[in-house]
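Shown next, in structure tokens, is the structure this report addresses.
The values are calculated or read from the model by the stated rules, or taken from the named source; none is laboratory data. None of the values given here were measured: they were computed from a predicted structure. Cβ coordinates were reconstructed from backbone atoms using ideal geometry, including for glycine residues, and neighbour counts include every protein chain displayed.
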Amino acid sequence: MYCPRLCVRKSVDLNSQSKVSSATSYSLKEGDSNTVGLLNIKNLQAGMILAEDLADATGRLLIAKGTVLTEKHLKICKIWGVVEARIEGVSEAEIEESSLDELDPRELAQATEFVHERFCRTDMEHPAVRELVRLCILRTVKNKKAAPDYIRQNFQLKIEEEDAKEQETKSEKTNPLKFISEHTKLSTLPDIYNQFVDTIARPNSSSYDIENVINKDTSLSAQLLKIANSAFYGYPAKVDTISRAINIIGTQQLSTLAMGIIVISVFNKMPARIINMEMFWKHSILCGICARILAGYRNIQNTERLFTAGLLHDIGRLVCYNYLPQESLRAILEAHNDSRLLYLTEREVFDMDHALIGKSLINRWQMPLSLEEMVFYHHEPQKSKNSIEPSILHIADIIANAMGIGTSGERLIPPLHEEAWSRLGLSSNILSLVMEQADYQLEDVFKVIYADDKFQQR
């Protein structure tokens with residue numbers, strides 16, 4: 001269950017609760033009573049005064065303007081998914097500054113340099129990017145993350161740089177799409193997948209039919225049940241059968257999730273020619289989780305579709321890493337050495353990028369058109385006619401890259417398209433909540449999808 005975004009009402013409800021006059025734990029500085037700041041829910045404190053009414057997503061008043069917040073009010077905000085609130089006497093800038101002022105100056109300087117380097121291809125003046133930068137600086141200091149060995153830590157560079165440079169003059173540009181047709185295992189998936197496609201395609205198929213398909217693969221059914229019982233859903237009661245999982249999650253949603261798991265189980269068997277596969281799937285799973293959370297905030301149905309798109313958004317890179325290792329390494333090194341974006345460098349080296357390869361694979365696998373579009377446009381969502389879902393995946397990918405957990409090859413943070421952010425209609429204050437939820441869910445989901453022994457043996 002996800003939190004709806006905050007609605008701010010400008011009119012005062014006559015039935016609103018009375019203002020609280022109890023002792024406060026927050027006190028205003030002298031002379032700042034005219035300041036009004038939009039604060040993240042995480043920064044709200046008892047004693048702060050609301051500058052505007054707070055309402056839930058339906059417009060129902062929760063707390064009236066002028067109320068002095070108490071711990072009870074803060075609990076209400078969390079229960080009803082309040083993302084932010086306008087507060088008298090304190091600004092967002094003050095909160096941001098205070099969060100950084102508490103850090104060790106030397107560590108802060110190192111973290112700031114590292115984060116700014118990774119965001120060098122973005123517009124750091126954009127409110128959402130600025131908030132991401134601040135959050136990443138805090139994460140970097142906390143995690144003691146160091147930059148110099150980023151490439152060596154995350155990539156298995158079995159091919160030396162000199163070899164890659166030599167290949168630059170020897171080899172012609174290769175069309176990676178050839179490999180999709182020439183290497184049958186790229187386009188051929190297990191029988192269980194084909195049964196899924198056939199069952200879903202039948203107009204008279206039922207949830208019972210889907211259940212039967214899933215139950216034919218004990219490993220798949222076990223994984224789906226593990227996910228249903230994980231922090232990914234957070235159900236209070238145990239989900240012990242596929243039938244119950246279908247009833248709770250939904251037939252279409254569970255089918256989409258199952259198809260994504262089957263696909264990555266095949267690709268997980270591919271040898272790691274260049275990239276650390278654990279890091280690759282951590283990034284992909286994290287991107288899917290972030291996309292699902294963002295979709296929840298936008299009240300989009302079938303958030304599992306967004307999760308699956310996140311799982312598969314960089315699948316085209318695995319094709320290149322395994323079948324075009326020399327060229328792939330060239331692209332990685334050129335992007336790293338020149339502080340360029342990898343997906344743009346791919347276009348120079350391959351005459352196309354991983355998004356196009358991923359789109360072609362998804363099309364061949366007869367996956368829903370919406371998945372194909374999300375994967376194809378996740379770096380350029382403004383070009384998609386289906387504006388909202390590619391925009392969500394685009395932003396989810398940026399958040400996942402910014403969090404610094406895993407990698408698919410991109411060292412820098414991809415630029416945020418203003419149009420994509422505007423389409424979501426969300427506040428930048430939501431970013432910390434998305435990260436927090438994603439951190440909480442990642443370990444459980446990763447263990448099920450990647451680290452499960454049955455998964456690796458399928």
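Quick notes on this one:
- Residues that are among the small types (Gly, Ala, Ser) and farther than 20 Å from CYS320 by Cβ within region 350-391 comprise SER370, SER384, SER387, SER391, listed in sequence order.
- In region 379-413, residue farthest from ASP338 (Cα to Cα) [restricted to those that are part of a loop (DSSP other than H, G, I, E, B) and among the acidic types (Asp, Glu)]: GLU380
- Tabulated pairs, region 361-387, first without any contact (Cβ under 8 Å) to a residue 40 or more places away in the chain and charged (D, E, K, R), second part of a helix (DSSP H, G or I) and surrounded by fewer than 17 Cβ atoms within 10 Å (Cβ to Cβ), C-beta under 6 angstrom, 6+ apart or interchain: GLU372/ASN363
- Considering residues of region 351-408 that are small (Gly, Ala, Ser) and over 16 Å from the mean Cα position of the chain (by Cα) only, the residue surrounded by the most Cβ atoms within 10 Å (Cβ to Cβ): GLY358
- Filter result for the condition that a residue is modelled with pLDDT under 85 and under 28 Å from LEU361 (Cβ atoms), over LYS216, LYS185: LYS185
- Residue match in region 410-420 (condition: surrounded by 24 or more Cβ atoms within 10 Å (Cβ to Cβ) and either in contact with a Gly (Cβ under 8 Å, 6 or more places away or on another chain) or outside the structural domain of SER284 (by TED's automatic domain parsing) (or both)): no
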